[in-house]
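Written out below as structure tokens is the structure these notes cover.
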Amino acid sequence: MIMRHPRKISFALVSAVALAAFATYQNLAGNKPSHPLAGPTEITVTAKAVPLNPEDLSLNHAGKLRYLAGWSLTADNENFGGFSGLVADDASLMAISDRGDWFSADMDWGRKAPFLSAVMRPFDSKAQDHSKKGLDAESLIRFEGGYLVAFESYHRLLAVAADGDITFLLHNKHLDFRGLATNGGVEAITSVEGGILTLVEGGLDTRGRLRGWIAREDGADDIYFKPPLNFSPTDAATLKNGDVLLLLRRFSLLSGVAAKLVRIKAEDIKPGATLVGEELLHLEPPYTVDNMEGLDVIEADGQPTRIIMISDDNFRASQRTLLLVFSLDVA
């Protein structure tokens, strides 16, 4: 075959490669919101049901958990997404994004479309003056009638009262954040006997352990977590019996995306301990999973314990905001 227009063909090939590279870059870089929230904003959330495993729709168990429901979420607001912390109960959901935006919703978990109403609002009235570095929220728990938020980049714990008043927690002065990478700070917090269990995401020691603390206003005790290979903690929640559920994720271009849930017995959570935990769940494709970062539990008398997870889509077109609900079938 005679190539009559080699220059045109070469140009077409170069253009195709450039377009593919640009599309890949766009997916990796994401589509960060161009404008911060000016104030509380009502939004409409669309929840599309997702199966546990799209290749086998009959499956409703994974590990030791039963799959109850799951949705892929979108909304009519560019600030929706990036959720890294979560609290939930029978009638509501609150999440916080890695831009510091709050997402609250009235819920009916038994409905096909569970969102009854939803609002997004900035972290505080001065949020537009804060940088992304200052509002990189990574974990959220209930705390003294309000919330406790863990941030990375500028590593710290902030208490947010029900009226919105923000307090720099005294616990911070006992936590040694030196040496932590900007994106390798506190990722998981939860209340335990003796204080706030606080685990970081990065910085394995020579024994393959991550640092952590049981933090109080008057001090902090060191504690460690030994994660599975290539996994790191992203959130935690405490059961009524004192056991801690710890959400872990693997997220990289080389090894792909996966999530694990482990349970750490209450009696193992003590100063100086190296925590490991019992694996309850492992998710990776073809199972429905993404960058799972938020976790909470709902415990009600006479009902199985429900485990709620949300993913951080990083505002990328290649990722999803997933909301997954499991029940704990083991004692």
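The values are calculated or read from the model by the stated rules, or taken from the named source; none is laboratory data. This one's a predicted model, so the numbers in the text were calculated from it and none came from an experiment. Glycine also receives a Cβ, built like all others from the backbone with ideal geometry; neighbour counts cover every protein chain displayed. Areas reflect the complete protein model, heavy atoms only, side chains present, ligands, DNA and RNA absent. Shrake-Rupley method; radii C 1.70, N 1.55, O 1.52, S 1.80 Å.
Before I look further, what does region 228-269 give for accessible area per residue, probe 1.4 Å, in whole square angstrom?
Accessible area per residue: 40 Å².
Which residue, ALA137, TRP109, MET94, has the largest displacement toward the positive end of the dipole of region 58-153 when charges sit on each Cβ (Lys, Arg +1; Asp, Glu -1)?
Value: TRP109.
Give, rounded to the nearest 20 debye, the magnitude of the charge dipole that region 113-227 has about its Cα centre when Lys and Arg contribute +1 at Cβ and Asp and Glu contribute -1 at Cβ.
Roughly 320 debye for region 113-227.
What does the charge dipole of the chain about its Cα centre add up to, to the nearest 20 debye, if the Cβ of each Lys and Arg holds +1 and the Cβ of each Asp and Glu holds -1?
That gives the chain a dipole magnitude of about 1520 debye.
Return the carbon/sulfur percentage of the accessible area of region 89-232, one whole number, probe 1.4 Å, all protein chains in place.
47
Excluding residues fewer than 8 places away in the same chain, name every one of the aspartates and glutamates whose C-alpha is closer than 12 Å to that of LYS260.
ASP235, GLU278, GLU279, GLU284, ASP290, GLU293
Calculate, for ASN241 and THR274, the FRET efficiency according to 1/(1 + (r/R0)^6) with r their C-beta to C-beta distance and R0 25 Å; round to the nearest 0.05.
Result of the calculation: an efficiency of 0.70.
Calculate, in nm to one decimal, what LYS32 and GLU299 gain on full extension: separation in residues at 0.36 nm each, minus their alpha carbon distance.
92.6 nm
Against the longest principal axis of the chain, how steep is helix 6-29, in degrees 0 to 90 to the nearest 10, with axes from Cα atoms?
The angle comes out near 10 degrees.
Once Lys and Arg get +1 and Asp and Glu get -1 on their Cβ, which of LEU148, GLN319, PRO40 lies farthest toward the positive end of the dipole of the chain?
Towards the positive end, the residue furthest out is GLN319.
Using a Förster distance of 41 angstrom, determine the FRET efficiency expected from the C-beta separation of ARG178 and ALA317, and round it to 0.05.
0.65
Any of LYS32/LYS64; LYS64/LYS112; LYS112/LYS270; LYS64/LYS270 with alpha carbons more than 30 Å apart? Name them for me.
Result: LYS32/LYS64; LYS112/LYS270 exceed 30 Å.
How far is it, in nm, from the label point at THR74 to the one at VAL119 when both lie 7 Å from their Cα along the line to the Cβ?
The two pseudo-label positions are separated by 2.6 nm.
So how do 167-174, 320-327 stack up, highest first, on mean other-Cβ count within 10 Å?
320-327, 167-174
Can you work out the FRET efficiency for the pair ASN230 and ASP205, with r the C-beta to C-beta distance and R0 = 25 Å, to the nearest 0.05?
0.95
Can you give me the relative contact order of region 62-193 as a percent, contacts being Cα pairs under 8 Å and 6 or more apart?
16
Counting only heavy atoms of protein chains, what accessible area per residue, in Å², does region 104-199 have with a probe of 1.4 Å?
Accessible area per residue, region 104-199: 48 Å².
Using Cα-Cα distances under 8 Å and only pairs 6 or more residues apart, what relative contact order does the chain have, in percent?
Worked out over the chain, it gives 18 percent.
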